[in-house]
Amino acid sequence: MKRSSALTLVLLTGLVTASPHAQAQSHHPITTFDVPGAGSGEGQGTVVSGITADGSVAGWYIDANNVNHAFVRSCNGAITKFDVPGAGKGEGQGTVALGMNDAGAITGRYNVSNNAFYAYVRSSDGKITTFEAPGAGTGAFQGTAGGNINPAGEISGVWVDATLARHGYVRDASGNITEYDPPGEGTGAHQGVYTSTFYGLNPDGVVAAQYTDSNDAFHGFVRARNGVITTFDAPRAGTGDSEGTLAPGINPSGTIIGNYADENFVYHGFLRAPNGAITTFDVPVAGTGAGQGTTPDGINPSGATTGYYTDRKNLNHGFVRDSDGSLTTFDAPGAGTGDGQGTFPAGNNPSGTITGTYVDGNNVNHGFVRN
């Protein structure tokens, strides 16, 4: 569940560093859930992608054979499972739901038997349409993935070509696909665009995501509806392999949430205002060793953010940071207390409800909703 492995012109208009705020413990009720059919072995179980305004949750589950299947959980707890026709049935294959809009349309990817992957959009009535970017490869670990879908039905995602280089795209509601590449991205295998899931495309069609350069360092970018791309780096972000800046979410006002890894591989959170000013922050009790620190994942319209922090024992805990900077931490009931285990919020909706995944003491994944 830890951050996945990404300097060009830095187009920042200002910098503000956050001052520490008091940290409180949460007393909000938390409901845990498992999708029927989810496996109970290590690395299996239920994985949550995010939450919509009405409290519906999307994600996928990994069965006892390590095959992926998508699901949507309504606000009343009813779970609907689905697979894209033609999805592979081998280990690591299947269907993954990565984004959902308030109308109930879902996007994601599915892997076929040769481990190529394709994108899909599933309407609220269950109709599934598959698609691929024109330049996408068709070999193993090549293809197209849908990452997020906004209220207009626009989809942002990534495609991987025959050389395993990565590129971004935006698909409009009519199915037209526009491909793009940020300036300064690497062109080698596994380099290029890493689009975000669920929260990386706002109602105005603005994309927030990240790319890797030729040194495999990450940099954030924002792509306007007209195609103009602005790249940026958080202050003190590292520039080495897998260090740098990630931007997993953007809200309707254009505020971006993200995290950066410094030169010591410690993670820190940031907010980037629409004018480019960056505010950095850390959960006070977050660890300061390599692989530890603060990792925001979601931001709602009011500017409240959620994510997780990794403590000095490499245990993970949830947090929510209000728009005034106050921090509350929490743990899902049943979350494990071992290395790499714990609570991993995925996002928060306008009413402040948070969803995510927790990993138990046996390294099995489970879903949760915090009201």
Are any residues in the range 210-233 hydroxyl-bearing (Ser, Thr, Tyr) and outside any strand (DSSP E or B), and if so, which ones? Ser214
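Which residues, counting only those in the range 259-303, are on the phi > 0 side of the Ramachandran plot and either within 20 Å of the chain's Cα centre (by Cα) or part of a strand (DSSP E or B) (or both)?
Within the range 259-303, Phe265, Gly291, Gly293, Gly303 meet the criteria.
For the range 304-333: of the residues being within 18 Å of the chain's Cα centre (by Cα) and farther than 23 Å from Asn148 by Cβ, which is surrounded by the fewest Cβ atoms within 10 Å (Cβ to Cβ)?
Within the range 304-333, the first condition is being within 18 Å of the chain's Cα centre (by Cα), and the residues that meet it are 304-310, 316-321.
Now restrict to residues that are farther than 23 Å from Asn148 by Cβ: 309-310, 316-317.
On the way: Tyr309: 26, Thr310: 25, Asn316: 26, His317: 20.
Filtering first and then ranking leaves His317.
Residue-by-condition table, conditions (1) in a loop (DSSP other than H, G, I, E, B); (2) aliphatic (A, V, I, L, M):
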{"residue": "Gly175", "(1), (2)": "yes, no"}
{"residue": "Thr178", "(1), (2)": "no, no"}
{"residue": "Val193", "(1), (2)": "no, yes"}
{"residue": "Ala208", "(1), (2)": "no, yes"}
{"residue": "Pro235", "(1), (2)": "yes, no"}
{"residue": "Pro248", "(1), (2)": "no, no"}
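In this structure, does Asp172 turn out to be at pLDDT 95 or above, surrounded by fewer than 16 Cβ atoms within 10 Å (Cβ to Cβ) and among the charged types (D, E, K, R)? Please lay out each step first, then the result.
Numbers: at pLDDT 95 or above: yes; surrounded by fewer than 16 Cβ atoms within 10 Å (Cβ to Cβ): yes; among the charged types (D, E, K, R): yes.
The answer is yes for Asp172.
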Please find, among Gly59, Gly88, the residue that is modelled with pLDDT of 95 or more, among the small types (Gly, Ala, Ser) and assigned to a loop (DSSP other than H, G, I, E, B). Gly88
Here are some residues: Thr95, Thr107, Thr46, Thr80. Which one is within 23 Å of Ile149 (Cβ to Cβ) and either over 21 Å from the mean Cα position of the chain (by Cα) or in a loop (DSSP other than H, G, I, E, B) (or both)? Thr80
It is to be established whether one or more residues within the range 350-364 are of a type in the set (D, E, K, R) and either over 17 Å from the mean Cα position of the chain (by Cα) or not in a strand (DSSP E or B) (or both). yes
Matching residues in the range 313-349 (under 22 Å from Pro301 (Cα atoms) and either assigned to a loop (DSSP other than H, G, I, E, B) or out of contact with any Pro (no Cβ under 7 Å at 6 or more places or on another chain) (or both)) number 18
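The values are calculated or read from the model by the stated rules, or taken from the named source; none is laboratory data. Bear in mind that the values here come from a model prediction, so they are computed numbers and not experimental data. With ideal geometry, Cβ positions are generated from the backbone for all residues, glycine too; neighbour counts draw on all protein chains shown.
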